[in-house]
Amino acid sequence: QKEVEQNSGPLSVPEGAIASLNCTYSDRGSQSFFWYRQYSGKSPELIMSIYSNGDKEDGRFTAQLNKASQYVSLLIRDSQPSDSATYLCAASYNTDKLIFGTGTRLQVFP
Amino acid sequence: DTGVSQNPRHKITKRGQNVTFRCDPISEHNRLYWYRQTLGQGPEFLTYFQNEAQLEKSRLLSDRFSAERPKGSFSTLEIQRTEQGDSAMYLCASSPDRNTGELFFGEGSRLTVL
């Protein structure tokens, strides 16, 4: 059973701080990894993708991948209350479907 | 609006009844996915299509679930003899042929089985 695991949270951080979200996956054959954001009552939307070891930065977001440790993370710098949402980690075992984790709920308080 | 459209948005039914959900993907997207999401969980993969071909179906999906995508356009997901455990949000997503992992989700169809 291919699995993606996340701490469900909530993770609470003050406005302006760095939020660190983590994810592990079970299948070493996983090729691609994604972070989706899901606001309460809304559908998921893609915010970051990462395919190779190392860091990938996009604005306030940095995704990190360590395939040896089977570990993916998402850092959100200068967190804003509008970042409060559930963050879903997903892995692709081929290019055809994504396996999602349970999501980590992030709360950014003013 | 050219996003993914799902209907109905909400469905309340009694146990044992059949329900059908419809998904209209983004017009140029050839891939269409169905996921199910319950409260506090991530989306769970159900099935996906490449054009009209159903390429994979989750082993978790019982025989009461069937999905079609005639002519490679819209898709339907039918649940027969609904059970209370079927209560969930059913999400449809589409993506272009060259899938970069970005799925475009619809707003979902929420099913409540009484």
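Nothing in this text is a laboratory measurement; each read-out follows from the coordinates by a stated rule. Remember, it's a predicted structure, so these values are computed and weren't measured experimentally. Reconstructed Cβ throughout: ideal geometry from the backbone, glycine too, with neighbour counts over all protein chains shown.
No solvent, one uniform scatterer per C-alpha: report log10 I(q)/I(0) for chain B via the Debye equation at q = 0.11, 0.19, 0.22 1/Å, two decimals.
-0.31, -0.95, -1.26
Calculate the dipole size of the protein assembly as shown relative to its Cα centre from +1 charges on Lys and Arg beta carbons and -1 charges on Asp and Glu beta carbons; express the result in debye to the nearest 20.
Computed about the Cα centre, the dipole is about 580 debye.
Can you tell me the equivalent ellipsoid semi-axes for chain A? Use √(5λ) from the Cα gyration tensor, largest first, whole Å.
In descending order, the three semi-axes are 23, 15, 12 Å.
Provide the gained length on full extension for the span A:Asp96 to A:Lys42, in nm with one decimal, where the gain is 0.36 nm per separating residue minus the Cα-Cα distance.
Details: separation 54, 0.36 × 54 = 19.44 nm, distance 2.33 nm.
The A:Asp96-A:Lys42 span can extend by a further 17.1 nm.
What does the average come to when, for each residue of peptide B:30-38, you count the partner chain Cβ atoms lying within 10 Å of its Cβ? Provide the component values of the computation, followed by the final result.
Values: counts 0, 3, 0, 3, 0, 5, 0, 6, 0.
Mean shielding by partner chains, rounded to a whole number: 2.
Suppose we flag GluC sites (Glu not before Pro) only when DSSP calls them loop and at most 16 other Cβ atoms lie within 10 Å. Which is the longest uninterrupted stretch of chain A?
That gives A:16-110 as the longest site-free run.
Can you tell me, using C-alpha contacts under 8 Å and at least 6 residues apart, the relative contact order of chain A as a whole percent?
On the way: 281 pairs, mean separation 42.4, N = 110.
Over chain A, the number comes to 39 percent.
Under a Cβ-Cβ cut-off of 11 Å, what is the net charge of the residues other than A:Thr62 that fall near it, where Lys and Arg count +1 and Asp and Glu count -1? Don't skip to the end; give the middle numbers.
Working: positive: A:Lys56, A:Arg60, A:Arg77; negative: A:Asp55, A:Glu57, A:Asp58.
Here the charged neighbours net out to 0.
When you have a sec, figure out the Kirkwood radius of the protein assembly as shown from all distinct Cα pair distances and drop it here in Å to one decimal?
18.0 Å
Of the DSSP beta bridges with both residues in chain B, give the percent that are antiparallel, rounding to the nearest 5.
Antiparallel bridges: around 90 percent, rounded to the nearest 5.
Gap in Å between the Cα centre of the stretch B:18-86 and the Cα centre of the stretch A:1-64?
Taking the Cα centre of each part, the stretch A:1-64 and the stretch B:18-86 sit 25 Å apart.
How much length is gained if the chain between B:Phe74 and B:Ser62 is pulled fully straight, taking 0.36 nm per residue apart and subtracting their Cα-Cα distance, in nm to one decimal? The partial results should precede the final answer.
Values: separation 12, 0.36 × 12 = 4.32 nm, distance 2.21 nm.
Gain on stretching B:Phe74 to B:Ser62: 2.1 nm.
So how far apart, in nm, are the two label points at A:Asp27 and A:Ser52 if each is 7 Å from Cα heading toward Cβ?
Each label point is offset 7 Å from its Cα along the Cβ direction, giving 2.3 nm.
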